[in-house]
Amino acid sequence: MRSSSLEPVILPSWRWQPFLNHAVEALARFEPQPYPIPERFLWQSDSGGSTTRPFNVTTATWACKTNKLRQVRAACVEGGEAASVLNFVINPSFNYDLPFFGADLVTLPNGHLLALDLQPALKNDALHTQLVWEKLLPLHQECSKKLPSGGPIPAEAEPFFSPGFLWTRIPLGPEGDELIKEAVMPAFKLYLNLYLEFVDAATPVDADRSSELLAGQLRYSTYRALKDPARGMLTRFHGAEWTESYIHDVLFDLRSN
Ligand code: DBV
């Protein structure tokens, strides 16, 4: 095990680098500590594919923790034309009544697919959601004006999203690049900034509440690991064994045992 540097990982020509840099900067005030990650997941480069669909891809991981945040991690994929991804999740400590911060910024050969949310651990629990949604919904309204809807998501995913879920698909090329700069980056900053305000304000909960939050977090983590939409892509790039271990032991590492 090693820890990623507390500085952002640098992936040459990675389109999402400014997003990770911003997040790392924004987290600095929480005094981040190293979070251990097995060496082979800190930086993994592979090449392969067919003559029509070759790839040369690197998947790198950045992670840290703070007093109130159990695990903050970024999965960073740079594969040129084949794929460019930042999947960034903040997993709060279950001693605080906080949602998850989730960002899935994905560029594939057929377009960009962008998801941003403050995701509940306990969706039908006003104590957990009310204040968050009150503050998030105006941001969602503002940000979604500039972006087309991403279309339906699976019904089974519904419990894990807030009504402020920002979800869009946009085309590759100059128009998409412009939207990413003018609409997606500002949305990322607003959502993250709001999340970090909740982190600032959070105070410890009692043991009963903490076990409810833990149960909710376990449901979320188990679902995300089981249904990870990146499984196919990562398996193609880095093989099944590496991918399964990455998903279960790094990306969604909260376990009941
Ligand atoms: N998604 C992950 C991780 C990724 C990743 C860890 C390391 O959870 C990438 C990479 N997401 C990724 C890829 C795709 C998607 C799709 C590569 C495209 C899959 C494909 O088309 O083959 C949001 N991401 C999606 C989809 C949704 C999300 C709804 C579409 C799924 C589908 O069409 O079947 N992921 C989902 C989400 C969050 C998230 C809401 C949190 C905000 O991280």
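The values are calculated or read from the model by the stated rules, or taken from the named source; none is laboratory data. Note that the coordinates shown come from a computational prediction; the quantities given were computed from them, not determined experimentally. Accessible surface is based on the protein model in full, side chains and every heavy atom, while ligands, DNA and RNA are left aside. Shrake-Rupley method; radii C 1.70, N 1.55, O 1.52, S 1.80 Å.
Structural remarks
- Put the Cα centre of segment 176-230 next to the Cα centre of segment 67-89 and the gap is 13 Å.
- Cα gyration tensor category, rounded, prolate or oblate, for segment 1-145 with a/c compared to 1.5: oblate
- Placing E39, E81, E244 in order of accessible area, with the largest value first and a 1.4 Å probe, yields E81, E39, E244.
- Amide H contacts of H112: I170, L172, each under 5 Å away and 5 or more positions distant or on a separate chain (H built 1.01 Å from N in the peptide plane; Pro and chain starts excluded).
- Within the listed set L108, L118, L86, the Gaussian network model of the chain (springs between alpha-carbon atoms below 10 Å) gives the highest mean-square fluctuation for L108.
- Largest accessible area first, the listed residues I153, I10, I90 line up as I10, I153, I90 when surface is computed with a 1.4 Å probe on the assembled protein chains.
- Long pairs among K68/K181; K145/K227; K123/K189; K146/K227, criterion Cα-Cα beyond 27 Å: K68/K181; K145/K227; K146/K227
- Cα gyration tensor category, rounded, prolate or oblate, for segment 49-96 with a/c compared to 1.5: prolate
- The order of D208, D46 by accessible area, most exposed first and with a 1.4 Å probe, is D208, D46.
- Rg/Rh for segment 2-251, where both radii come from Cα atoms and Rh is the Kirkwood radius: 0.94
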